[in-house]
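Note sheet for the following structure.
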Amino acid sequence: MTSEFQHLIDLSDYSVSWWQKVVELGEEIKNDPEKFAHECDGKIMATLFYEPSTRTQMSFQTAMIRLGGQIIGFDNPANSSVSKGETIKDTTKIVSNYADILVIRHPLAGSAKVASLTADCCVINAGDGGHLHPTQTLTDLLTLKIEKKTLSGLTIGMCGDLINGRTVHSLCKALSVFSDNKFVFISTPELGMPAYIKDIITANGSTFTEVNTLEEAIGELDVLYMTRIQQERFASVEEYLAQKNTYVLDRKKMQLAKKDMIVLHPLPRVDEITVDVDSDPRAMYFTQAKYGVYVRMALIMTMLREKKSSETLRGKIYKNVRCDNPRCITNHEEYLPKSFRTAGGTLLECEYCDERKLI
Ligand code: CP
């Protein structure tokens, strides 16, 4: 399958200099948004949100409107023909003929990849299950660039639901390519960072450590990235309740942190940061959400300016091999070719969700 449009499914598909250009443009827009008010006159963006969202959906919509464009889409698939059984392939094919750019969020990993295989316009991944969230990462990079003045030499703590947190997966992949970054993963063993992300960090030359408590790590951090325990991704309520409230950042713990540490969170917050931390000048999560509009403006402009011809499925198609991830789109939409990359020896990696399996 081929495409003549540029898509953003995974930031790793682009060079570091490309991300930096998007982030730099985001900063330029932040400093003078009016200058960009007609960049997308006459353009239409479709937002297909199969899963709830406040920030990503509305910041994309705000971004397009601030660039002079218009928006269509749904935020509840029950109100679309998805409720009649329409596949993701058909929905995205149709909508891509109505819009110049399609932004998709879906609860299944690999769903944005599927959209990019069939759409006749640019596709942006706005979060595919527990897999990736590249535009949150661009938001995080812009926030670090503005608030820490660097993307290198940082000690970054990531705390909470690291197994299901697509934002931390994307951010680790991105920050590990910059020099001298160190990661500290703060989680329970059940919610630990997936092995494939740790392998990427090591392959990129960065280092990581793993600890169980916030108290033992917070004092060494330049950045603390808190995450929500994602109830919707647990197999049972009991498993969720066993993890709930394990990590709570409060004023007392903030006293152990450096004076210039910043606290980020992709939001929404449930109870992992107490509200009294909000007034601490190091609490940067609301500012971070605001910066999301500027970086998404930059991304929309970049995607619509650049066109490239690229093959989007590059793995080997297997007829009798299935992905082991029950939350992979290929296990829900049967028509999809089961495409895997070889990851060394008899190890295969699903091209949609990156889950590995031995054959
Ligand atoms: N950060 C983030 O993705 O928030 P929403 O789920 O509200 O879009």
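Tabulated results
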read-out: Space enclosed by the convex hull of the alpha-carbon atoms of the range 274-359, per residue, Å³; value: 205 Å³
read-out: Residue-normalised accessible area of the chain, expressed per residue, 1.4 Å probe, Å²; value: 43 Å²
read-out: Alpha carbon convex hull of the range 136-289, projected area averaged over orientations, nm²; value: 8.2 nm²
read-out: Compactness index (Cα Rg / 2.2 N^0.38 Å), the chain; value: 0.96
read-out: Under-5 Å amide H pairs with Gly73, H placed in peptide plane, nonlocal only; value: Thr47
read-out: Using θ = phi - 60° and Karplus 6.51 cos²θ - 1.76 cosθ + 1.60, couplings along the range 84-93 (whole Hz; Gly, Pro as x); value: 9, x, 5, 6, 5, 4, 5, 4, 6, 4
read-out: Helix-only CD estimate at 222 nm, as mean residue ellipticity for the chain, using -39500 (n - 2.57) per DSSP H run (n ≥ 4); value: -9500 deg cm²/dmol
read-out: Amide H partners (placed H, <5 Å) of Leu221, local residues excluded; value: Lys258
read-out: Karplus 3J(HN,Hα) series, Hz, for the range 202-215 with 6.51 cos²θ - 1.76 cosθ + 1.60 (x for Gly, Pro); value: 5, 4, 7, x, 9, 10, 9, 10, 10, 9, 9, 10, 5, 4
read-out: Spacing of the two label points (7 Å from each Cα toward its C-beta) at Thr287 and Ala37, in nm; value: 2.7 nm
read-out: Cα centroid of the range 133-212 to Cα centroid of the range 318-336, whole Å; value: 28 Å
read-out: The range 23-63 - charge dipole about Cα centre, Lys and Arg +1 at Cβ, Asp and Glu -1, debye rounded to 20; value: 200 debye
read-out: Most fluctuating residue given options Ala112, Ala242, Ala126, as computed from a GNM of the chain linking Cα atoms under 10 Å; value: Ala242
read-out: Antiparallel bridges, percent of DSSP beta bridges restricted to the chain (to nearest 5); value: 20 percent
read-out: Difference of contour (0.36 nm per residue) and Cα-Cα distance, Asp90 to Ile72; value: 4.8 nm
read-out: Gaussian network model of the chain, springs between alpha carbon atoms under 10 Å - residue of Ser236, Ser176, Ser59 with greatest fluctuation; value: Ser236
read-out: Carbon plus sulfur fraction of accessible area for the chain, probe 1.4 Å, in percent; value: 50 percent
read-out: Alpha carbon centroid spacing (whole Å) that separates the range 227-289 from the range 33-77; value: 28 Å
read-out: Reciprocal of mean inverse Cα separation for the range 208-273 (Kirkwood radius, Å); value: 13.1 Å
read-out: Overall Cα dimensions of the range 213-359 - principal axes, largest extent first, Å; value: 56, 46, 28
read-out: Cys with no candidate disulfide partner in the chain (beta-carbon separation under 4.7 Å rule); value: Cys40, Cys121, Cys122, Cys159, Cys172
read-out: Value of Rg/Rh across the range 316-358 [Cα atoms, Kirkwood radius]; value: 0.92
read-out: HN-Hα J in Hz across the range 109-122 - Karplus 6.51, -1.76, 1.60, θ = phi - 60°, x for Gly and Pro; value: 5, x, 5, 5, 4, 4, 4, 5, 6, 10, 6, 9, 7, 4
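The values are calculated or read from the model by the stated rules, or taken from the named source; none is laboratory data. Keep in mind it's a predicted model, so treat the numbers as computed, not measured. As a convention, Cβ positions derive from the backbone with ideal geometry for all residues, glycine included, and neighbour counts pool all protein chains shown. Heads up: the accessible areas ignore ligands, DNA and RNA and are worked out on the full protein's heavy atoms, side chains in. Shrake-Rupley method; radii C 1.70, N 1.55, O 1.52, S 1.80 Å.
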